[in-house]
Amino acid sequence: MSTTSMTPLTTADAETLITAARTAAEAAGVAVGVTVLDAGGHLLAFRRDDRAVLIAGETSTRKAYTALQLNAPTADLVDLVKPDGPFHSPTTALDRPLLFIAGGVPVHRDGRLIGAVGVGGGAPEQDHGFATAALAKLAR
C-alpha cells in the first residue's frame, strides 16, 4: 500500500490568501472580511477591514465553510438553492449553516482539498473575484 503525503494549508498560505483577497478588494474600493479554513473546517485565519460591514465576517466564514463542505465554489452553487433547485430547502447542514452566495472557493493542492477561502462585504460577483484572485496568488 502506498501513501501519498500532502502538504496541508499553512498559516503562511492563509496569510497569502488573506492579503491577496484584501489587495484585490482594496483596488476595487471594497471593504471586506476574509476567512480561511483548513481541510477540517477549522479557522486558520480571519481579517475584517475596519470599514467592512459587520456581517462581512459571518458571511465570509459561511461562504468558506460551504465551499469546503461541498468542494465547489459557492458561485457554482447558487442555482441549486433556487425554488426549483435540489437544495432549495436546506439552510443548514452539519453543525453550521451553509451560505449559497458567491464568494467562497475551495483550495486544492496536488488535486486534494486542503481548505477554503471566503470573502464577504462586496457584491457576490466581486467577492467571488476577490477569492479567485487570492487563489491565483497562492498558486504562484
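Any read-out appearing in this document is the output of simple, stated calculations on the displayed coordinates, not a laboratory observation. Please read these numbers as outputs of a predicted model, since none were measured by experiment. Cβ: placed from backbone, ideal geometry, glycine included. Neighbour counts: every protein chain shown.
In the chain, helical runs assigned H by DSSP with n ≥ 4 each contribute -39500 (n - 2.57); averaged across all residues and rounded to the nearest 500, the mean residue ellipticity at 222 nm is -11500 deg cm²/dmol. Evaluated with a Cβ-only charge set (Lys, Arg +1; Asp, Glu -1), the chain carries a dipole of roughly 180 debye about its Cα centre, given to the nearest 20. Run the numbers on segment 11-139 and let me know its relative contact order in percent, using alpha-carbon pairs under 8 Å that are six or more apart. With pairs under 8 Å counted, the relative contact order is 32 percent.
Each Lys or Arg adds one and each Asp or Glu subtracts one; over the other residues with Cβ under 13 Å from the Cβ of THR10, this totals -2. For the peptides 5-18, 118-131, 53-66, 36-49, the ranking by mean Cβ contacts within 10 Å, running from highest to lowest, is 118-131, 53-66, 36-49, 5-18. Here the Karplus curve 6.51 cos²θ - 1.76 cosθ + 1.60, taken at θ = phi - 60°, turns the phi angles of segment 120-129 into couplings of x, x, x, 5, x, 5, 5, 4, 4, x Hz, with x standing for Gly and Pro. Residues whose amide H falls under 5 Å from that of GLY104, counting only those 5 or more places apart or on a different chain, are THR74, ALA75, VAL119, with hydrogens built in the peptide plane.
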